[in-house]
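See structure below.
The values are calculated or read from the model by the stated rules, or taken from the named source; none is laboratory data. This structure is a prediction, so every number in the text was calculated from the model and none was measured. With ideal geometry, Cβ positions are generated from the backbone for all residues, glycine too; neighbour counts draw on all protein chains shown.
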Amino acid sequence: MNLHRDVGILRGAPLLQDLAEEQLQLLAFNCGHRSFRAGQYLFRKDESAMSAFVIVSGEVEVLEEDEAEQSGGRFGAGTVLDEFAMIVRAPRPASARALSGVEAMEIPRTVLHRVLEEFPDTAERMRAAIAARLGALVQDMKTIQARFEDEEA
């Protein structure tokens, strides 16, 4: 484990970019490091999500439907998989499978919650950032809906 490297990786995660150096160090120190072989699943759709994964190296494919294995995209180093698992308890929305050897940091929800309890001002900034992202998503969806309605007219 290289704490300096891990902090740099976490700093690149959109949900975590407002955390101070001390908070990122605390998070990095408490993350698990996992290795996956090609073809191995990091997690499966509908499992209870207790943590997010940050890809350190390798490539992962997100599968939206297990049986049909419909690809939701390929992702490499720096990608955060299922970042909202760090915030809320919910089933995994998709599966993630290693396409090559993958090194990942696993961030348990309990660890992030401890950091946010110790630093309530950071929790408020994170809440505001999530609200802004959701607002932008809703606006994007409205734009797409308007385009479809224009095409149908």
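Which residues, taken from the range 1-16, are assigned to a loop (DSSP other than H, G, I, E, B), over 10 Å from MET105 (Cβ atoms) and either within 15 Å of the chain's Cα centre (by Cα) or hydroxyl-bearing (Ser, Thr, Tyr) (or both)? The answer is GLY12, and nothing else. Taking the range 8-25 as the range and being aliphatic (A, V, I, L, M) and surrounded by fewer than 19 Cβ atoms within 10 Å (Cβ to Cβ) as the test, only ALA20 passes. Inspect all residues belonging to the range 22-36 and state whether any of them is over 23 Å from ARG133 (Cβ atoms), in a helix (DSSP H, G or I), acidic (Asp, Glu) and over 15 Å from the mean Cα position of the chain (by Cα). For the range 22-36, residues over 23 Å from ARG133 (Cβ atoms), in a helix (DSSP H, G or I), acidic (Asp, Glu) and over 15 Å from the mean Cα position of the chain (by Cα): present. Look at (1) surrounded by fewer than 16 Cβ atoms within 10 Å (Cβ to Cβ); (2) polar (S, T, N, Q); (3) closer than 20 Å to ARG133 by Cα and you find that THR79 fails only one, number (1).
Check ARG109, ARG114, ARG133 and return the single one that is within 29 Å of VAL56 (Cα to Cα), under 15 Å from the mean Cα position of the chain (by Cα) and exposed (fewer than 15 other Cβ atoms within 10 Å of the Cβ). Only one candidate passes the filter, namely ARG133.
Residues are listed down the side, and each one gets a yes or a no for (1) among the aliphatic types (A, V, I, L, M); (2) under 16 Å from ALA13 (Cα atoms); (3) in contact (Cβ under 8 Å) with a residue 60 or more places away in the chain:
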position: ARG74; (1), (2), (3): no, no, no
position: VAL80; (1), (2), (3): yes, yes, yes
position: SER95; (1), (2), (3): no, no, no
position: ALA98; (1), (2), (3): yes, no, yes
position: GLY101; (1), (2), (3): no, no, yes
position: GLU124; (1), (2), (3): no, no, no
position: ILE130; (1), (2), (3): yes, yes, yes
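Regarding VAL138, is this residue among the aliphatic types (A, V, I, L, M) and modelled with pLDDT of 85 or more? No: the conditions fail for VAL138. Close Cβ contacts (under 7 Å, 6 or more residues apart or on different chains) running from residues in the range 50-61 that are under 8 Å from GLU103 (Cβ atoms) to residues that are part of a strand (DSSP E or B) and charged (D, E, K, R) comprise VAL56/GLU103; SER57/GLU103; GLY58/GLU103. Regarding LEU19, is this residue assigned to a loop (DSSP other than H, G, I, E, B) and of a type outside the set (Val, Ile, Thr)? Answer is yes for this residue.
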